[in-house]
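Participant: This is the structure I have questions about; it appears just below.
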Amino acid sequence: MIEELSNKERQTEHPQRWGAILVWIGVLGILLVLGLGLTRSKQGPVGVGEKIPDFILTTFDGDQIDIEDLRGRVVVINFWASWCKPCEQEAAELEQASQSFKDQDVIFLGVDYVDTETEALTYLSKFNITYPNGPDLRTQISQAFRIRGVPETYIVGREGVLVDVRIGPYLSLAEIENAVLGALEQ
């Protein structure tokens, strides 16, 4: 009888022990994922002097732009969203700058962050933006750049190295032009 009781106790303890082990494995897994996320967010955006991440932007027109194909040119990458009021402050000036530099080996790219296509296209139309723009599908590009919000603008030199970062909106056309001219001089 005592042996039977011991066997029954062992049988009920065994599933409970495995349940506790599985709970702890789950908790450790969650902590690991959170820890990696926090570590990554502490890294901040891609920094000046760093090679930018490779990416392919599929534009709203369906074209694919591979950043690798733009080596040898200065590239201005602007992360924006239709719901972002500070983005609206710089939208017209970015378009003006793109027109000013279009014959000087400078290309502007817009990366639409967490938006609907309809709202994004309405935004582009509202500000008469003609340079290539596309959605950041599954936020892959913004994650690669480790952006913190919008707007953020990255100016990439001819060798694919970041030469200027602007967190927040440009306040004037002159600010944008000076940043691009600085990249062209390198």
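The values are calculated or read from the model by the stated rules, or taken from the named source; none is laboratory data. For clarity, every value in this text was computed on a predicted model and none was experimentally measured. Note that we place each Cβ from the backbone using ideal geometry, even for glycine, and neighbour counts take in every protein chain shown.
Participant: Please list, ordered by residue number, the strands (runs of 3 or more DSSP E) wholly in segment 4-117 having 3 or more residues that are surrounded by fewer than 14 Cβ atoms within 10 Å (Cβ to Cβ) and at pLDDT 95 or above.
Facilitator: The strands (runs of 3 or more DSSP E) meeting that bar number zero.
Participant: Next question, about the same structure. Would you check if there is a residue in segment 125-141 being modelled with pLDDT of 95 or more, closer than 21 Å to residue 64 by Cα, hydrophobic (A, V, I, L, M, F, W, C) and crowded, with 21+ Cβ neighbours inside 10 Å?
Facilitator: Yes.
Participant: Between a first residue in segment 148-167 that is within 20 Å of residue 90 (Cα to Cα) and in the same structural domain as residue 77 (by TED's automatic domain parsing) and a second residue that is modelled with pLDDT of 95 or more and of a type in the set (Lys, Arg), which pairs have beta carbons less than 6 Å apart while being 6 or more apart in sequence or on different chains?
Facilitator: What qualifies is 153/166.
Participant: Further question on the same structure: Here are the criteria: (1) surrounded by fewer than 14 Cβ atoms within 10 Å (Cβ to Cβ); (2) modelled with pLDDT of 95 or more; (3) among the charged types (D, E, K, R). Tell me which single one residue 158 does not satisfy.
Facilitator: Going through the list (1) surrounded by fewer than 14 Cβ atoms within 10 Å (Cβ to Cβ); (2) modelled with pLDDT of 95 or more; (3) among the charged types (D, E, K, R), residue 158 breaks only (1).
Participant: Filter segment 161-181 down to the residues that are buried (at least 18 other Cβ atoms within 10 Å of the Cβ) and assigned to a loop (DSSP other than H, G, I, E, B) and list them by number.
Facilitator: If the condition is that a residue be buried (at least 18 other Cβ atoms within 10 Å of the Cβ) and assigned to a loop (DSSP other than H, G, I, E, B), then 169, 170 are the ones that fit.
Participant: Being touching a Pro at 6+ places or on another chain (Cβ under 9 Å), in the same structural domain as residue 80 (by TED's automatic domain parsing), buried (at least 16 other Cβ atoms within 10 Å of the Cβ) and closer than 22 Å to residue 63 by Cβ is the requirement here; does residue 145 meet it?
Facilitator: It is true that residue 145 is touching a Pro at 6+ places or on another chain (Cβ under 9 Å), in the same structural domain as residue 80 (by TED's automatic domain parsing), buried (at least 16 other Cβ atoms within 10 Å of the Cβ) and closer than 22 Å to residue 63 by Cβ.
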